[in-house]
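Structure first, commentary second.
The values are calculated or read from the model by the stated rules, or taken from the named source; none is laboratory data. Computed from a prediction, not measured in an experiment: that's the story for all the values here. All Cβ positions, glycine included, derive from the backbone under ideal geometry; neighbour counts span all protein chains shown. The protein model used for the area step is the full one, side chains on, heavy atoms only, and it has no ligands, DNA or RNA in it. Shrake-Rupley method; radii C 1.70, N 1.55, O 1.52, S 1.80 Å.
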Amino acid sequence: MRPSDLPQVRSLRLFESMDDSHFAELMQASYLQTFPAQLELIHEGETADFLYVVIEGCVELFAKSNGREATMAMVHPIGTFILAAVLRDAIYLMSARTVARSKLLLIPAQNVRDALEKDGLFAQAIISELSGCYRGVVKEYKSLKLRTSVEQLANRLLRYHKERGDSDGAFELPYDKKTLASLLGMTPENLSRSFNTLKPYGVEVNGAQVRVTDLKALETLAKPNPLIDERAN
């Protein structure tokens, strides 16, 4: 890794509290690389060789079985993936590919395990990261189990509106509709029907462009729940 890249990596929550010597040792074995869009990084069933940290861009985690494929999660900066497999020296349960041009930090799995044993503050950061990932999975599972397809989409649009919307309530979907449908556990046809159902609630769709003209009506339908939709807790 280039010395000029070290401050950016050091500032990440996962590494900011590490002992200087342990951090330097870990980084000597690591790689910071930029990958093009739609590049498969790992394949489910293979042994976990690296811990991945998304510095820039976006990575899609997906799985396949019986001829079907489903999007499991989208990882944005600054996020890790395959951490549990690395710590357990286990196989990948999911595959991963870049959605856009992405800069990733690759840390050899054995080096991560070695640092975990030597550095207590790094171990605490790892626990915090795993806890956040687990709580995120629980929230996604609650949404899938407790909401209709229309309610899931409505709440997801409220999130995008908050994160990406302009003063007119317009924003662009962060992913194509096929990926969004898979992420929400729907077929593309079901997603299309759900968008149509949301029209009377002030949702206008034109390709990837969405505009929310009646935020209150959409919130009344969606009934957002902080125990599902609050991402920070």
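Worth a mention:
- Here's the picture: charge each Lys and Arg Cβ at +1 and each Asp and Glu Cβ at -1 in the chain, and of Gly67, Phe195, Pro226 the one pushed furthest to the positive end of that dipole is Phe195.
- ³J(HN,Hα) computed for each position of segment 39-51 - Karplus, 6.51 cos²θ - 1.76 cosθ + 1.60, integer Hz, glycine/proline x: 9, 6, 8, 9, 10, 4, x, 8, 6, 6, 9, 9, 8
- In degrees, nearest ten, helix 109-118 long axis to first principal axis of the chain (Cα): 70 degrees
- Evaluated with a Cβ-only charge set (Lys, Arg +1; Asp, Glu -1), segment 122-174 carries a dipole of roughly 340 debye about its Cα centre, given to the nearest 20.
- With every protein chain in place, segment 84-136: carbon and sulfur % of accessible area (1.4 Å): 56 percent
- Assigned charges on the beta-carbon of Lys, Arg, Asp, Glu; segment 112-233 dipole about Cα centre (debye): 400 debye
- Between helix 188-197 and the chain: long-axis angle, C-alpha atoms, 0 to 90°, nearest 10: 50 degrees
- Rh (Kirkwood; distinct C-alpha pairs) - segment 92-143, Å: 13.6 Å
- Distance cut-off 33 Å, percentage of C-alpha pairs in the chain lying past it: 25 percent
- Shape metrics for segment 8-55, restricted to C-alpha atoms - Rg then Dmax, Å: 13.1, 36
- Rounded to the nearest 500, the 222 nm mean residue ellipticity of the chain from helices alone is -13000 deg cm²/dmol, with -39,500 (n - 2.57) taken per DSSP H run of at least 4 residues.
- Between 0 and 90 degrees, the angle of helix 120-146 with respect to the longest Cα principal axis of the chain falls at about 20 degrees.
- Surface composition of segment 147-213: carbon plus sulfur atoms hold 44% of the accessible area, using a 1.4 angstrom probe and ignoring ligands, DNA and RNA.
- Segment 165-233 shape via C-alpha gyration tensor axes, a/c threshold 1.5: rounded
- Averaged over its residues, segment 94-158 has an accessible area of 48 Å² per residue, based on protein heavy atoms and a 1.4 Å probe.
- With the biggest extent put first, the Cα atoms of segment 42-107 measure 33, 25, 13 Å across the principal axes.
- Computed across segment 141-195, the Kirkwood radius stands at 11.6 Å (inverse of mean 1/r, all Cα pairs).
- Accessible surface area normalised per residue over segment 2-89 is 54 Å², counting heavy atoms of protein chains with a 1.4 Å rolling probe.
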